[in-house]
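The next block holds one structure in the form of structure tokens; read it before the comments.
The values are calculated or read from the model by the stated rules, or taken from the named source; none is laboratory data. Bear in mind that the values here come from a model prediction, so they are computed numbers and not experimental data. Positions of Cβ are backbone-derived with ideal geometry, glycine not excepted, and every protein chain shown enters the neighbour counts.
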Amino acid sequence: MKVTVVKNVLDANNRIAEENRKLFDQHKMFVINLMSSPGAGKTSLVERTIVALRDKYRIAVIEGDIQDTFDADRIAKLDIPVVQINTGGACHIDGNMIRETFPAFDFSKVDLLIVENVGNLVCPAEFKVGENIKVMLLSTPEGADKPAKYPLMFQESSALLINKIDLMRYVDFDLEKAKRDSLALNNDLKIFEVSCKTGTGLEGWIDWLTKQIDAFKK
Amino acid sequence: MHELYLAESIINIVSDHARRDGFKKVNSILLSYGRLSCIESKTLTFAFEVQSKNTPAEGAVLVFKLMPASIHCFSCEKDLEVIAHTGICPACGGAEVMLTAGTEELQILELDVD
């Protein structure tokens, strides 16, 4: 006997992500899902973004790592509410892990929530957490072949920050190829060339992000 | 990608149906996914075999329907099936290419049950 089912196997996660999204909407919270390889500079970008925007928005951060609280400790030093998720081996954050952090926050006092995902170019792109936008970092030492090798994250993201642009001359990074291949995958991708160490190019990212948040809050 | 998670989710969906419809045995489960959706059918089959022990889904054969990936090229206006998405049109080499199919998430379509 045949039984027709037609059910998305990722539905369980999508449903939780949608519930998270509804809660974020109620509080008019803008949520970023920040993704990259390990070591591309996510935490440095979060620090820079906090310093640039903390007078304009009330910011909170969720840090995702396999283990340790090193990143959360860095954020806590800036006196920003932060929760560390230790995934204990899982290679990405999913909607349910985000939901479990909710008791730790007072969302009526948050305008911008940054979720720093586990460093990984593959899986985080496949699991929604309830974000408004996905943002990814690609650092120059990783090489310009990453869009071609890991297309999904480039397709799913709204913005790409090419980080460690100050190292480009030492690491043989083909900037034009990286940009061309990224845009070929995602024509709407907004690309910023930055250095989170020196601060180069970050004003473009901050301006763009401010516009996204203000448009959402209207 | 996350074959253990997917296998668990499949078993949950099948168990729900078994409870509701009262069937005893699942012979096969028909699944579909897009070619570019990062699913490893062999890994998923292995994960499913291990995890379905002592559930209503135990013993079911997973049957996969692979949905093709295709692009539309804005330079030559062709719609073409592709194996990988590189952003370059395989026909004319143009770079203004849009992916039109191939990233469909894993779905259960049909169960064969007794």
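Here are the numbers for this structure:
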{"quantity": "Given (1) surrounded by fewer than 17 Cβ atoms within 10 Å (Cβ to Cβ); (2) within 13 Å of chain A (Cβ to nearest Cβ); (3) within 21 Å of the chain's Cα centre (by Cα), index of the condition B:His72 fails", "calculated": "(3)"}
{"quantity": "Residue tally, condition part of a loop (DSSP other than H, G, I, E, B) and either closer than 12 Å to B:Ala69 by Cβ or among the hydrophobic types (A, V, I, L, M, F, W, C) (or both), over segment B:83-97", "calculated": "10"}
{"quantity": "Single condition B:Ala84 does not satisfy, out of (1) within 13 Å of chain A (Cβ to nearest Cβ); (2) farther than 22 Å from B:His2 by Cα", "calculated": "(2)"}
{"quantity": "Complete set of residues in segment A:1-36 that are among the small types (Gly, Ala, Ser) and either exposed (fewer than 14 other Cβ atoms within 10 Å of the Cβ) or in a helix (DSSP H, G or I) (or both)", "calculated": "A:Ala12, A:Ala17"}
{"quantity": "So B:Ser32, is it touching a Gly at 6+ places or on another chain (Cβ under 8 Å), outside any loop (DSSP other than H, G, I, E, B) and not aromatic (Phe, Trp, Tyr)", "calculated": "no"}
{"quantity": "Complete set of residues in segment B:1-53 that are farther than 16 Å from B:Val63 by Cβ, surrounded by fewer than 18 Cβ atoms within 10 Å (Cβ to Cβ) and of a type in the set (Gly, Ala, Ser)", "calculated": "B:Ser15, B:Gly22"}
{"quantity": "Segment A:83-116, residues that are surrounded by 19 or more Cβ atoms within 10 Å (Cβ to Cβ), touching a helix residue (DSSP H, G or I) at 6+ places or on another chain (Cβ under 6 Å) and within 14 Å of chain B (Cβ to nearest Cβ)", "calculated": "A:His92, A:Asp94, A:Gly95"}
{"quantity": "Lone qualifier among B:Val50, B:Val82 - being more than 22 Å from B:Gly22 (Cβ to Cβ), touching a Pro at 6+ places or on another chain (Cβ under 8 Å), at pLDDT 90 or above and of a type in the set (Val, Ile, Thr)", "calculated": "B:Val82"}
{"quantity": "Single unsatisfied condition, A:Asp55 versus (1) out of contact with any Asp or Glu (no Cβ under 6 Å at 6 or more places or on another chain); (2) part of a helix (DSSP H, G or I)", "calculated": "(2)"}
{"quantity": "Of all residues making up segment A:125-179, the number that are buried (at least 16 other Cβ atoms within 10 Å of the Cβ), among the charged types (D, E, K, R) and farther than 22 Å from A:Ile16 by Cβ", "calculated": "5"}
{"quantity": "Qualifying positions in segment A:180-201 - hydrophobic (A, V, I, L, M, F, W, C) and buried (at least 21 other Cβ atoms within 10 Å of the Cβ)", "calculated": "A:Ala184, A:Leu185, A:Phe192, A:Val194, A:Cys196"}
{"quantity": "Among the candidates B:Thr100, B:Thr43, residue that is more than 11 Å from every other protein chain (Cβ to nearest Cβ) and assigned to a strand (DSSP E or B)", "calculated": "B:Thr100"}
{"quantity": "Number of the exception - A:Ser158 against (1) at pLDDT below 95; (2) within 28 Å of B:Ser70 (Cα to Cα); (3) not aromatic (Phe, Trp, Tyr)", "calculated": "(1)"}
{"quantity": "Residue that is closer than 24 Å to A:Met153 by Cα and either out of contact with any Leu (no Cβ under 9 Å at 6 or more places or on another chain) or not in a loop (DSSP other than H, G, I, E, B) (or both), where the choices are B:Leu111, B:Leu66", "calculated": "B:Leu66"}
{"quantity": "Filtered residue count, segment A:169-209, keeping only those that are touching a helix residue (DSSP H, G or I) at 6+ places or on another chain (Cβ under 8 Å), modelled with pLDDT of 95 or more, more than 18 Å from A:Val46 (Cα to Cα) and part of a helix (DSSP H, G or I)", "calculated": "3"}
{"quantity": "Where a residue in segment B:38-61 is at negative phi and its partner, wherever it lies, is in a helix (DSSP H, G or I) and of a type in the set (Phe, Trp, Tyr), with Cβ under 9 Å and at least six apart", "calculated": "B:Ala47/B:Tyr5; B:Ala57/B:Phe48; B:Ala60/B:Phe48"}
